[in-house]
Amino acid sequence: MLRYVASKFFYMLVSLFILISATFFLMKAIPGDPFMGEKKPSPEILARLMEQYDLDKPVFQQYTKYLGNIAQGDFGLSMKQQNQSVTDIITDTFGPSLRLGLIAIVVAVIVGVLLGMLAALYHRRLIDSAAMILSVLGIAVPSFVLASLLQYVLAEKAGIFNVMGFDSPLDYVLPVMALSAQPIAFIARLTRSSMLEVLHSDYIKTAKAKGLNWMAIMFRHVIRNGILPVVTYVGPMTANIITGSVVIEQIFGIGGIGKQFVDSITNRDYTVIMGITIFYGILLMLARFMTDIAYAVVDPRIKLDGGKEG
Amino acid sequence: MKKHKSLLLLMTLILAIGTALAGCGSNNNEGAGSSGNKPKEQVFRMNLASEPPTLDPGQAQDNNSNTIINAVFEGLTRKGPDGEEVPGVAEKWDISEDGLKYVFTLRNDARWSNGDPVTAKDFEFAWKRVLDPGFAPAPPYAYQLYYIKNAEAYNLGELDDPDQVGVKAVDDHTLEVTLENPTPYFLSLMSFQTYYPLHSSVKDNDKWATKAETIIGNGPFKIASMTKGQKIELAKNDQYWDHQSIKLEKVHMSIVNSSATELSSYRNDELDYAGHPVGNIPTDQLAAVKKQMPDELNIKGISSTYFYIFNTTQEPFDNVNIRKAFSMAIDRQAIVDKITQGGQIPAFGFVPPGIKGEKDEFRKEVPDKYFEENIDEAKKLLDQGMKEKGYTTLPAVTLIHNSDDNHKKIALAIADMWKNNLGVQVQVQNQEWGVFLKNRSALNYQVARSGWGADYNDPMTYIDMWTSGGGNNDTGFKNEEYDKLVKDAYATDDNAKRMELMAQAEKILVEDNQVVMPIYYYSNVSLIKPWMKGINIDFKGDLDFSRAYVE
Amino acid sequence: MASDSTTSGTAWDNLQPEDFKKIGMDEKQSEIIQRESLSAWRDSWERLRKNKLAMTGLVIMILILIMAIIGPMISNYDYETNDLMNTNMPPSGEHWFGTDDLGRDVFVRTWMGARISLTVGLAAAAIDLMIGVIYGGLMGYFGGRIDEFMNKFAEILYSIPYLLVTILLLVVFEPSLGTIILALTITGWINMSWIVRGEIMQLKNREYVLAARSMGAGTGRLLFRHLIPNAMGPIIVTLTLSVPNAIFAESFLSFLGLGVQAPVASWGSMINDALSGWMYYPWRMLFPALFISLTMLAFNIFGDGLRDALDPKLKK
């Protein structure tokens, strides 16, 4: 196990390095600079700014310098939001996205798995169709439309919630609904599909034939096996959701990391782009790592072994 | 088997109903609060479409930053309700005969929010800090101080000694300013953020402007809290010298970049103010807003121009007649009536209304009759231009704009007008902001959207940008006569002469060369709740809520 | 093979031991004894045809496809001409789906939008499917270092900010439908490959796979005959979801100004344009949204039916 974790960790570092390099050069290949605007700074001031942020150096030199800085844990200062450190920006904006995202994931997994299980158990019956139509709606309505509908109906017309803001617990309800609709739909459909497969597999038939208790079959076999694809999906989805949805954050006025990231790209705020990319990369890799562990827990046939075929 | 399935179904149902009930439960508790009408305290709630990139007056360039800085700091003068200069930190001032020397006398009771007195040194320090060539990051608005003697030379590193810059604190209450040229609008610059004073504590703290606790201001409000990307809260500053005139106890600014959300919150009484300059009202809802809340809707012409620029170095727009033809073949009234719908005024000149001329507004003294819309004439000019260039068919034309709903609509409508009126097929291309700016300044376009707002209240802020090789002249336009007119206007202290020179320059720019194709003069469209009084919007469209109150 | 001897003209009653040839049995091929594949497909089709819900989905898909082709032709309007005197008109005999903020006919735009959205969705999904299944299948099948390596590659690609890639693509290439599809598929296939990988990892230790392997089935055969067909359920579900994902990803790009170039419309960009005023001009959002939803619904119920039909274990 230790060897496994160590090798994973090593791979992660290598991947991270490749990710940093690829993003750095990609970002530099895009036209623009952090100081552009409808009114341009004078050429002298622009030259001075470029120098102060090392942007006048050759790209490769900027790259090695950047690598040196992050090796010392220095992610630099934002080039747009003056004198704010990238680390501060990430910590400040990740909080809201994380809180919102975790709630949305929990809601999505519970509701999605339940819907999917119901649909599978009542295969080709009314409940199945209803659950699936419900979940298709979750996919078919774009999140920005759903968010806007929720805002209009539940906030502006019914007056139950605030249109925007992120202060009271009640303010979480609408964004969570908008954010979890699509994962719910996805999870429900995955669960249904793989549960159906398991329910019709021979070992379940055998278990039934052996007269095993229904609950035991469900929990020991069906759910455990049927939930595998969900586990695969939930890992990256978690990384995706907690790193923030631009659309949801923009519409509900939440100061999250998703909005921050898109803004940093629009502004060519290089240090922030890199910082969030690295942060996101680490999160995603951790999520994938957890997924693999979760696999091994859910399915004993998969062995955790980095070296050999497993 | 069946029984167990039902059990599961039951579980799900309970969960669903539970959630629904929880929703309803909280509805009863807090529902009433959120849709309460008039706020019970003296609070002003507004929205910023994006987070202010800085709260350092020396660095700020954008509307969002200014809106906060103007509330937290105060310059030597400030703007009165009609845009006139009224005493701020300075209680009086003397201007020398030749217009080159200003002596400001500061009031005794001006204080920083921590109780320290505001002195002339704080001004000298702040101005020289912006001009300091070693200051990082280099403030882009340093040029706003170039009217001061030797300021430009010091900022550009041609002069090492800061003492030679024409600003001097004679004593704690006297500030002496010497100018490079007589500048009739210099006094109005004293209420511009780059000229605000700074507390000496900022010297040793690079990050002072990023935290509420270290922002020490001298204006009517102080920063109470900042939540990144979400909200900024201001509270009344009791140390402010004129605090008796300030009635608001709190200002709450949300940060939401969605005009639909902003309007929705306004309707839901979560905001007291919506719309320009720091927010927006969706154009698609303007018609409904006009009908439903005519008394709350405020439309005010402001000094900004929306226009297209032609790349005079690229075919086919290197021909003046073709440029004129394109400019004459659109229907500006239809654009402002049907598309922007916010009371904008069709533009036929470049300097917008609201800018001071010799005695009255410049636009009233010099009417913008540089050209007229005329489709037949446009067709003739197009034919003539094509003959001059030897075209049988016009080269393909692409119009670029940056991604934005309004820009897109206007571009599509104009392209459609060109197609119908001139028979020219123009491709509209929407580009990402950075890519767009880069293409525009590299002259890698044919027609591009543009917009310009005033830095100060004088036509010069619109005229001097078009000189040959000017930093913001993205058209390739070079004209010696134009350059000379601008230079002469700078040199003279005769205001009538200046206005005349600038009027001539504008004629060269628009009538003779049609480098720019003016479309409309902006308006400031906003919604103000009936209980909110005393909000002021100035000629530039800057929002001043410092003397506002809830009635 | 036996026909050799019959055509040779040897009399049946005069057979000698030399007439017999030992053809033996290729041990490597022994595993190939199976039902004929044609009948398997026919079998699935029969089952699909009986599934009314799935057939409804298929019919809706075909109808939408037909309308996307002929819709713009049967109207008197085109999708780009403005009519500023008749902006935001509700549906009428003149304009069946009303007009938009520039007075353009929503009916024609809806079907022109269908062309774009369906092209983007189907093309992106097809590419995702091809790359994702092969890549994911190989990852899951080989496991170990190969899996680790391929997985890391996918992870890195997945973590590179998608917006940066898209902006760069649009700068390098001309903004066109092809560029958008490319931008969508550059990372789009990864999710599919992960789903497939998970399934394969789980399936490859199953008894029937072990049996096939012990009987000498090669990698390709194991993968494409045994593993992937048995992972078809999640693959089809993911596929039916990558169509809407691609359609919405395009609309998100429009939202950021990187989607299809106006005046060309996609369903997503039409919804986007209509979003800020939908409470006053609902038709501008309703029609594209309705057809997106219908398309998704059709795709999904058809996908479910297909899944059921293809899965041999669900045979009754």
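Specify which of the listed residues (A:Ser180, A:Ser135, A:Ser129) is touching a residue at least 60 places away in the same chain (Cβ under 8 Å) and under 24 Å from C:Leu290 (Cβ atoms). Walk me through how you get there before you give the answer.
Numbers: A:Ser135 fails: touching a residue at least 60 places away in the same chain (Cβ under 8 Å); A:Ser129 fails: touching a residue at least 60 places away in the same chain (Cβ under 8 Å).
Sole residue among the options that is touching a residue at least 60 places away in the same chain (Cβ under 8 Å) and under 24 Å from C:Leu290 (Cβ atoms): A:Ser180.
Somewhere in region B:325-340, is a residue under 30 Å from B:Asn495 (Cβ atoms) and either among the aromatic types (Phe, Trp, Tyr) or surrounded by 21 or more Cβ atoms within 10 Å (Cβ to Cβ) (or both)? Spell out the reasoning first.
Step one: list which residues in region B:325-340 are under 30 Å from B:Asn495 (Cβ atoms), which gives none.
There is no residue in region B:325-340 that is under 30 Å from B:Asn495 (Cβ atoms) and either among the aromatic types (Phe, Trp, Tyr) or surrounded by 21 or more Cβ atoms within 10 Å (Cβ to Cβ) (or both).
Hey, can you tell me all the residues within region C:185-196 that are of a type outside the set (Val, Ile, Thr), facing chain A (nearest Cβ under 8 Å) and open to solvent by less than 10 Å² (accessible area, probe 1.4 Å)? Walk me through it before giving the result.
Taking region C:185-196 first, the residues of a type outside the set (Val, Ile, Thr) are C:188-189, C:191-194.
If we keep only those that are facing chain A (nearest Cβ under 8 Å) as well, we get C:191, C:194.
The one that is of a type outside the set (Val, Ile, Thr), facing chain A (nearest Cβ under 8 Å) and open to solvent by less than 10 Å² (accessible area, probe 1.4 Å): C:Trp194.
Report the residue count in region B:277-320 for those that are assigned to a loop (DSSP other than H, G, I, E, B) and open to solvent by 50 Å² or more (accessible area, probe 1.4 Å).
The first filter runs over region B:277-320 and keeps only residues assigned to a loop (DSSP other than H, G, I, E, B), leaving B:277-282, B:293-296, B:311-319.
Retained after the next criterion (residues that are open to solvent by 50 Å² or more (accessible area, probe 1.4 Å)): B:280, B:294-295, B:313-315, B:318.
The qualifying residues number 7.
I'm told A:Met164 meets every condition in (1) open to solvent by less than 50 Å² (accessible area, probe 1.4 Å); (2) free of Cβ contacts under 8 Å to residues at least 60 places away in the same chain except one. Can you identify the failing condition by its number?
Just one mismatch for A:Met164, condition (2).
Name, by its number, the condition in (1) assigned to a loop (DSSP other than H, G, I, E, B); (2) in contact with a strand residue (DSSP E or B) (Cβ under 7 Å, 6 or more places away or on another chain); (3) of a type in the set (Gly, Ala, Ser); (4) within 14 Å of chain A (Cβ to nearest Cβ) that does not hold for B:Ser254.
(1)
Out of C:Gly268, C:Gly220, I need the residue that is more than 23 Å from A:Gly116 (Cα to Cα) and open to solvent by less than 10 Å² (accessible area, probe 1.4 Å). Which one?
Numbers: C:Gly220 fails: open to solvent by less than 10 Å² (accessible area, probe 1.4 Å).
Step by step, each of C:Gly268, C:Gly220 is checked, and only C:Gly268 is more than 23 Å from A:Gly116 (Cα to Cα) and open to solvent by less than 10 Å² (accessible area, probe 1.4 Å).
Return the total of residues in region A:266-282 being over 14 Å from A:Ile20 (Cα atoms) and part of a helix (DSSP H, G or I). Steps first, answer last, please.
From region A:266-282, those over 14 Å from A:Ile20 (Cα atoms) are A:266-269; that's our starting set.
Next cut, part of a helix (DSSP H, G or I) only: A:266.
Residues meeting the conditions: 1.
Would you mind stating whether C:Met1 is over 31 Å from the mean Cα position of the chain (by Cα), at pLDDT 85 or above and open to solvent by 100 Å² or more (accessible area, probe 1.4 Å)? Step through it out loud before you land on a result.
Numbers: over 31 Å from the mean Cα position of the chain (by Cα): yes; at pLDDT 85 or above: no; open to solvent by 100 Å² or more (accessible area, probe 1.4 Å): yes.
Considered against the rule, which asks whether it is over 31 Å from the mean Cα position of the chain (by Cα), at pLDDT 85 or above and open to solvent by 100 Å² or more (accessible area, probe 1.4 Å), C:Met1 comes out as no.
Among the candidates C:Asn272, C:Asn300, which residue alone is in a helix (DSSP H, G or I), facing chain B (nearest Cβ under 10 Å) and not acidic (Asp, Glu)? I'd like the intermediate steps shown before the answer.
Working: C:Asn300 fails: facing chain B (nearest Cβ under 10 Å).
Among C:Asn272, C:Asn300, only C:Asn272 is in a helix (DSSP H, G or I), facing chain B (nearest Cβ under 10 Å) and not acidic (Asp, Glu).
Here are A:Ser129, A:Ser135: which of them is closer than 30 Å to C:Leu53 by Cβ, buried (at least 21 other Cβ atoms within 10 Å of the Cβ) and among the hydroxyl-bearing types (Ser, Thr, Tyr)?
Every option except A:Ser135 fails the conditions.
Considering only region B:381-497, give the strands (runs of 3 or more DSSP E) lying wholly within it that have at least 2 residues that are farther than 24 Å from B:Glu511 by Cβ.
Numbers: elements: B:397-402, B:426-431, B:447-453.
The qualifying strands (runs of 3 or more DSSP E) are B:397-402, B:426-431.
Starting from residues that are within 23 Å of A:His221 (Cα to Cα) and touching a residue at least 60 places away in the same chain (Cβ under 8 Å), keep the ones in region A:90-113 and report whichever is nearest to the other protein chains (Cβ to nearest Cβ).
Applying the first criterion (within 23 Å of A:His221 (Cα to Cα)) to region A:90-113 yields A:106, A:108-113.
From what is left, the residues that are touching a residue at least 60 places away in the same chain (Cβ under 8 Å) are A:108-109, A:111-113.
Details: A:Ala108: 13, A:Val109: 13, A:Val111: 8, A:Gly112: 12, A:Val113: 10 Å.
If we take residues in region A:90-113 being within 23 Å of A:His221 (Cα to Cα) and touching a residue at least 60 places away in the same chain (Cβ under 8 Å), then A:Val111 is nearest to the other protein chains (Cβ to nearest Cβ).
Within region A:174-191, work out how many residues are away from chain C (no Cβ under 13 Å) and of a type in the set (Ser, Thr, Tyr). Quick ask: steps written out before the conclusion?
Of the residues in region A:174-191, the ones away from chain C (no Cβ under 13 Å) are A:174-180.
Subset that is of a type in the set (Ser, Thr, Tyr): A:180.
Of the residues in region A:174-191, 1 are away from chain C (no Cβ under 13 Å) and of a type in the set (Ser, Thr, Tyr).
Mind checking which pairs have a first residue in region B:469-496 that is free of Cβ contacts under 8 Å to residues at least 40 places away in the same chain and a second that is of a type in the set (Asp, Glu) and open to solvent by 70 Å² or more (accessible area, probe 1.4 Å), Cβ under 9 Å, 6 or more apart or different chains?
Correct list of pairs: B:Ala489/B:Glu500.
Which strands (runs of 3 or more DSSP E) sit wholly inside region B:42-154 and have at least 3 residues that are more than 19 Å from B:Phe221 (Cβ to Cβ) and away from chain A (no Cβ under 14 Å)? Don't jump to the end; show me each part of the working.
Numbers: elements: B:43-48, B:77-79, B:85-87, B:90-95, B:101-106.
Here the list reads B:90-95, B:101-106.
Taking helices (runs of 4 or more DSSP H) that fall entirely within region C:144-249, which contain at least 2 residues that are more than 23 Å from the chain's Cα centre (by Cα) and on the phi < 0 side of the Ramachandran plot? Step through it out loud before you land on a result.
Working: elements: C:144-159, C:162-172, C:177-203, C:207-214.
Because the criterion is at least 2 residues that are more than 23 Å from the chain's Cα centre (by Cα) and on the phi < 0 side of the Ramachandran plot, the helices (runs of 4 or more DSSP H) in region C:144-249 that meet it are C:144-159, C:162-172, C:207-214.
Answer yes or no: is there a residue in region A:98-114 that is open to solvent by 40 Å² or more (accessible area, probe 1.4 Å), more than 26 Å from the chain's Cα centre (by Cα) and closer than 30 Å to C:Leu48 by Cα.
Taking region A:98-114 as the starting set, the residues that turn out to be open to solvent by 40 Å² or more (accessible area, probe 1.4 Å) are A:98-99, A:102-103, A:106-107, A:109-111.
Narrowing the set further to residues that are more than 26 Å from the chain's Cα centre (by Cα) leaves none.
No, region A:98-114 contains no residue that is open to solvent by 40 Å² or more (accessible area, probe 1.4 Å), more than 26 Å from the chain's Cα centre (by Cα) and closer than 30 Å to C:Leu48 by Cα.
Within region A:67-84, how many residues are within 14 Å of chain B (Cβ to nearest Cβ) and charged (D, E, K, R)?
Step one: list which residues in region A:67-84 are within 14 Å of chain B (Cβ to nearest Cβ), which gives A:76-84.
After this cut, where a residue has to be charged (D, E, K, R) as well, the list is A:80.
Here the count works out to 1.
Which count do you get for residues in region A:208-222 that are closer than 21 Å to A:Val113 by Cβ, among the hydrophobic types (A, V, I, L, M, F, W, C) and open to solvent by less than 90 Å² (accessible area, probe 1.4 Å)?
Total satisfying the criteria: 6.
Exactly one condition in (1) under 25 Å from the mean Cα position of the chain (by Cα); (2) of a type in the set (Phe, Trp, Tyr); (3) closer than 21 Å to A:Pro229 by Cα is false for C:Trp111; which is it?
The number of the failed condition is (3).
The values are calculated or read from the model by the stated rules, or taken from the named source; none is laboratory data. These numbers come from a predicted model, not from an experiment. Positions of Cβ are backbone-derived with ideal geometry, glycine not excepted, and every protein chain shown enters the neighbour counts. To get the accessible areas, we keep the full protein, side chains included, count just its heavy atoms, and leave off ligands, DNA and RNA. Shrake-Rupley method; radii C 1.70, N 1.55, O 1.52, S 1.80 Å.
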